[in-house]
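Comments concern the structure below.
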Number of protein chains: 2
Amino acid sequence: MGRPRTPLIDRDRIATAALRLVDERGEFSVPEIARELGVRAASLYHHVEGRDAIVELVRERVCEAIDASMFGTLPWDAAVAAWARSYRAAFAAHPRAIPLLMAAPVRAPRVLGQYEAAVGVLLDAGFALRDVMRVIIALENLILGSALDLAAPETMWEPADATATPLLARALAARPEGRTDAAFELTLAACLDRFRALLAETTGAGSPDPAPPGRQAS
Amino acid sequence: MGRPRTPLIDRDRIATAALRLVDERGEFSVPEIARELGVRAASLYHHVEGRDAIVELVRERVCEAIDASMFGTLPWDAAVAAWARSYRAAFAAHPRAIPLLMAAPVRAPRVLGQYEAAVGVLLDAGFALRDVMRVIIALENLILGSALDLAAPETMWEPADATATPLLARALAARPEGRTDAAFELTLAACLDRFRALLAETTGAGSPDPAPPGRQAS
DNA sequence: ACCTGAACACCGTTCAAGT
DNA sequence: ACCTGAACACCGTTCAAGT
């Protein structure tokens, strides 16, 4: 066949096909994507560096929906809360992507940029450098766990014999339908309280480090 | 070769080999396990039902270290806290197994049995059936997230170009070495406070459901 | 009952050959 | 530059053949 006059595929179409496969089946393979695009598997390697790069394209697609514009405009705690809600909504829209994305380290530049902004806001607010990742990771745990809980609970437990675990079976059956926002908000509020206390300790009680807080500290 | 006088392999040895591979490489394949055991891949299918069953063997191995004996002896909150600590320690010992196990639904009977005991304790304490899984899932998020954080942080972010995200790079570098126990304990305490408040609402304010709390409620 | 080799339908990836 | 077919080293799984 040789080179077509206009390229048959591009990174955008690859990302779209991969995300659709993940949404529908929970996973993707390179040949499956190729099939969806009417092309051979080998063709994809002219546009992406390999399977892992496609995972990062999926991550970028899912995370595109996260609004990070509040960093720098809202106070740190309101910004972090708004970011967490938007983050959660983005993942809740693609619950089957969560295990896929959690198993691979974040490399997508645009997503790393969001974490960069979050780190900046927390440093500016006065958090100690050593506490920043802990705060972010705590939020991430809440967000991803809650997104999984919200949209794909049945993927977490699968008793082959429900009679062996009757209480678990009843508890699973009794879970409210989709309304877990209240629980998320409660936990988020608890986390923010904890973060505020951590910040008060850092900025209030003098630290052994004489450098002032903020992102200019060396 | 035909049947050996005494079986060359068994489920126990398969589980051991699989867990060692996961600990060392982060994943396993059926042929790799077979190679470790000096046997052909096809032989494994005489002992396990397939790859997914091996994942469940790994889950059982990791979770064997979880102490669930406090259910039924300690008050619910102390029991849940002790369970969470033991659970976290078990996963922290095999951090690379966490993504593998989170991607597959829990089917291992012994592990399901632990959840069954936890559900029973919470119901006996007076929690509403509809709240029980939320409590357990919240704990699980805390436990697994914290275990990942404790033992495998470098697998979560991997900036190709650290200069593009200088603040993130500094925050990652500034994380304390292994001492995340204090953060875990703080979050666990916050969760327990929230659970106690939930319980007070349930048992204090009369519910529309006339049935008494506890596991006998239909 | 349990191990084996051969086979099947799949992977991810590379590469020379075509335009 | 971009698609292709062929090839490579791998998967997970099945199964008849052996003891």
Segment A:1-17 - residue that is away from DNA strand C (no atom under 13 Å from the Cβ) and among the basic types (K, R) and, of those, surrounded by the fewest Cβ atoms within 10 Å (Cβ to Cβ):
A:R11
Hey, could you check segment B:95-149 for residues that are charged (D, E, K, R), in contact (Cβ under 8 Å) with a residue 60 or more places away in the chain and more than 22 Å from B:A18 (Cβ to Cβ) and say which is surrounded by the most Cβ atoms within 10 Å (Cβ to Cβ)?
B:D131
Condition met for B:R51 (away from chain A (no Cβ under 14 Å) and without any contact (Cβ under 8 Å) to a residue 60 or more places away in the chain)
no
Name the one entry in B:D67, B:D131 that is touching a Ser or Thr at 6+ places or on another chain (Cβ under 8 Å), charged (D, E, K, R) and facing another protein chain (nearest Cβ under 10 Å).
B:D131
Go through (1) within 16 Å of DNA strand C (Cβ to nearest atom); (2) touching a helix residue (DSSP H, G or I) at 6+ places or on another chain (Cβ under 7 Å) for B:S29 and report which single condition fails.
(2)
Mind counting the residues in segment B:26-66 that are surrounded by fewer than 18 Cβ atoms within 10 Å (Cβ to Cβ) and under 16 Å from B:A92 (Cα atoms)?
4
Of all residues in segment B:95-128, count the ones that are hydrophobic (A, V, I, L, M, F, W, C) and either over 28 Å from B:L198 (Cβ atoms) or within 7 Å of chain A (Cβ to nearest Cβ) (or both).
10
Take B:A92 and decide whether it is under 13 Å from the mean Cα position of the chain (by Cα), touching a residue at least 40 places away in the same chain (Cβ under 8 Å) and away from DNA strand D (no atom under 16 Å from the Cβ).
yes
Return yes when B:R20 is out of contact with any Leu (no Cβ under 8 Å at 6 or more places or on another chain) and within 16 Å of DNA strand C (Cβ to nearest atom) and no when it is not.
no
Residue, nearest to the chain's Cα centre (by Cα), within segment A:3-60, restricted to residues that are more than 10 Å from DNA strand D (Cβ to nearest atom) and hydroxyl-bearing (S, T, Y):
A:T16
Looking at (1) more than 16 Å from DNA strand C (Cβ to nearest atom); (2) not assigned by TED's automatic domain parsing to the domain that holds B:D149, which one does B:G50 not meet, given that it meets all the others?
(1)
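The values are calculated or read from the model by the stated rules, or taken from the named source; none is laboratory data. Model, not experiment: these values are computed from the prediction. Here Cβ is always computed from backbone atoms with ideal geometry, including for glycine, and neighbour counts include all displayed protein chains.
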